[in-house]
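In what follows, a single structure is set out as structure tokens and then discussed.
Readers should treat all values here as calculations from the given coordinates under stated rules, not as data from a laboratory. All values derive from a computational prediction rather than experimental measurement. Because the Cβ atoms are built from the backbone with ideal geometry, glycine has one as well, and the counts that use them run over all protein chains shown.
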Amino acid sequence: MIVNADNVSPDPRILIDEMSNATHELNYDGIFVYRYDKQIDTMRIIHKKNKNGDVYERLVSLTGNRREIIRENDRVKYIFPENKVAIIEKSKMGQLISSYIPDPIQSISKFYIFNLVGQGRIAGLNAWIINIKPIDRFRYGYQLWIDKKSKLLLKSKLKNFQGVTLEQVMFAQLNILKNIDDALLKSSFNEQNFTWINNTSDKTFTYDISRKKWIPSWIPKGFFMSKYTIDPMPNSVLPVEHFIYSDGLATISIYVEKLNNQQPINDETANFGGVNTYSTSTDGYQITAVGEVPKTTVQLIANSVKSSP
Amino acid sequence: MQKDNNEALSAFVDGEHSKNKDILEDLVHDDVMREVWKRYHLIRDCLRGNLSEKIHNNFISEVNQHLENEPTIISNNKTKQFKLEPVIGFAIAASVAAVAILGIQNKNNIPPIELKDTIVMDENIIDSQFETFSFPEIQISPAAVEQSTQFNSITQQRLNNYLINHSKYKNNIKMNSVLPYARIVTIESKE
């Protein structure tokens with residue numbers, strides 16, 4: 001009896017690890033659709049990792065206003081051609097790979113249930129379908145379509161507890177390539193007359209736990225603080241304290257901003273696709289929780305943030 | 001006292017009193033209230049037929065009949081949604097740079113760009129396959145879709161800044177490294 005390896009059901013957690021690896025290691029050029037609320041945007045992504053281990057990415061908006069984001073290792077360039085502005089920053093995502101979690105999949109498994117639920121076909125490629133269901137209502141779930149051969153993510157849905165899709169990313173076309181021409185990773189705009197903003201300072205902030213002042217007295221089980229930073233924010237006079245929590249899948253940011261003659265925002269919720277925001281004020285500070293978690297979760301977290309002596 | 005708390009919590013589950021901080025404080029600190037919260041959600045799932053196949057649901061029709069005889073409670077819970085403006089520069093960390101960008105924008109007096117190519121969907125995203133996890137597929141009625149409310153521009157800008165900043169720190173490398181950047185690109189291009 002001949003068993004087709006493509007049809008042997010893999011362990012979904014191992015598949016996700018392989019997917020994560022493939023996303024970083026492979027060279028690919030694809031067009032995907034980003035669907036959120038009632039709208040759809042189309043973008044092109046090009047990803048390359050060269051022999052030296054340098055990673056390059058370029059994201060191009062194909063609908064609406066023209067935008068490009070180009071990443072070279074830990075440097076990210078945002079290009080706004082209509083306004084002739086380009087901004088360079090250090091990539092914050094690269095810093096957030098949480099080394100304190102010894103085995104991310106095992107940690108995540110405590111708060112989510114992983115199931116291989118079937119097979120599908122996306123962008124002409126055969127895929128495994130995985131459900132990632134949260135154990136409680138304080139988180140969202142995911143549904144993933146992973147290419148059987150390359151292990152690249154072909155489609156993903158962010159879902160609430162009722163199964164309604166809040167956000168979706170789906171490749172309409174995906175080419176996995178041996179080599180990618182460097183020219184494809186350059187901006188398509190003539191940046192000669194652009195205004196350049198360089199924001200690549202190497203400031204790092206260490207979090208002194210003994211002097212911790214702001215803490216959430218409640219956060220869903222499994223969320224741990226993975227980063228602390230102080231970010232200058234537009235429209236904010238003073239830098240804003242930023243606490244980042246993660247359970248391995250979802251990320252929640254808590255911002256603490258000292259109000260300086262600004263009108264406080266009280267008890268306001270907002271959302272963009274699968275991201276919910278809740279903001280309230282206390283003792284002259286603006287407390288805002290943002291995350292890919294339900295509205296109730298950000299509301300409970302923000303309202304639980306108190307200053308400690 | 002407990003009865004009053006339970007009634008307030010029940011209303012909160014239905015979306016009322018969402019701004020009642022006392023209830024939120026109790027939920028955070030009171031284990032008993034959290035258990036009640038869980039039970040209310042389970043009851044609601046029973047009534048809506050959202051239980052797994054193994055649970056026997058025959059009593060739902062009788063309960064629904066009783067509910068039909070009760071007055072309708074209309075939730076005024078609203079989720080405010082951004083109507084975003086193409087303000088460049090909010091992705092910048094430095095406030096000085098933000099002022100420079102805004103100055104450039106004012107100088108050029110660039111009119112808003114119409115999103116002619118954006119496809120607007122009329123319906124919520126509900127697929128037929130693998131839509132739910134362990135619950136049966138449900139139809140979302142128009143009444144259940146929360147209304148969007150416009151913020152004033154300063155509030156919307158400030159909340160927008162937090163959202164953009166959060167997307168940059170999105171630690172979901174395992175899941176989808178494209179999505180956080182896709183959000184930033186999309187927010188940037190919205191009017």
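Taking every residue in A:51-63, how many Cβ atoms of other protein chains lie within 10 Å of its Cβ, on average?
That average works out to 2.
Filter A:151/A:221; A:77/A:148; A:38/A:90; A:77/A:178; A:51/A:157; A:155/B:168 down to the pairs with a C-alpha to C-alpha distance above 27 Å, please.
As for pairs spanning more than 27 Å Cα to Cα, those are A:151/A:221; A:77/A:148; A:38/A:90; A:51/A:157.
For each of B:28, A:305, count neighbouring Cβ atoms within 10 Å of the residue's Cβ, then give the residues from fewest to most.
Going from sparsest to densest Cβ surroundings: B:28, A:305.
Largest first and in whole Å, what are the equivalent-ellipsoid semi-axes of chain A based on the Cα gyration tensor, each being the root of 5 times an eigenvalue?
Values for chain A, descending: 33, 27, 18 Å.
Provide a whole-number value for the mean count of partner chain Cβ atoms within 10 Å of the Cβ atoms in peptide A:294-306.
Per residue, the number of nearby Cβ atoms from other chains is 2 on average.
Residue A:72 to residue A:52: extension gain in nm, 0.36 nm per residue of separation minus the Cα-Cα distance?
Taking residue A:72 through residue A:52 to full extension adds about 5.9 nm, to one decimal.
Which residue, A:73, A:193, A:179, tops the fluctuation ranking in a GNM of chain A built on C-alpha contacts under 10 Å?
Taking springs between Cα atoms under 10 Å, the residue moving most is A:193.
Which one, A:183, A:22, A:270, has the greatest fluctuation when you compute a Gaussian network model over chain A with C-alpha springs under 10 angstrom?
Highest fluctuation among the options: A:183.
If the elastic network links every pair of Cα atoms under 10 Å, which of A:12, A:294, A:234 fluctuates the most in the Gaussian network model of chain A?
So, out of A:12, A:294, A:234, the one fluctuating most is A:234.
Taking every residue in A:138-150, how many Cβ atoms of other protein chains lie within 10 Å of its Cβ, on average?
Average per residue, whole number: 1.
Quick one: putting +1 on the C-beta of Lys and Arg, -1 on the C-beta of Asp and Glu, what dipole do you get for the range A:5-197 around its Cα centre, in Debye to the nearest 20?
340 debye
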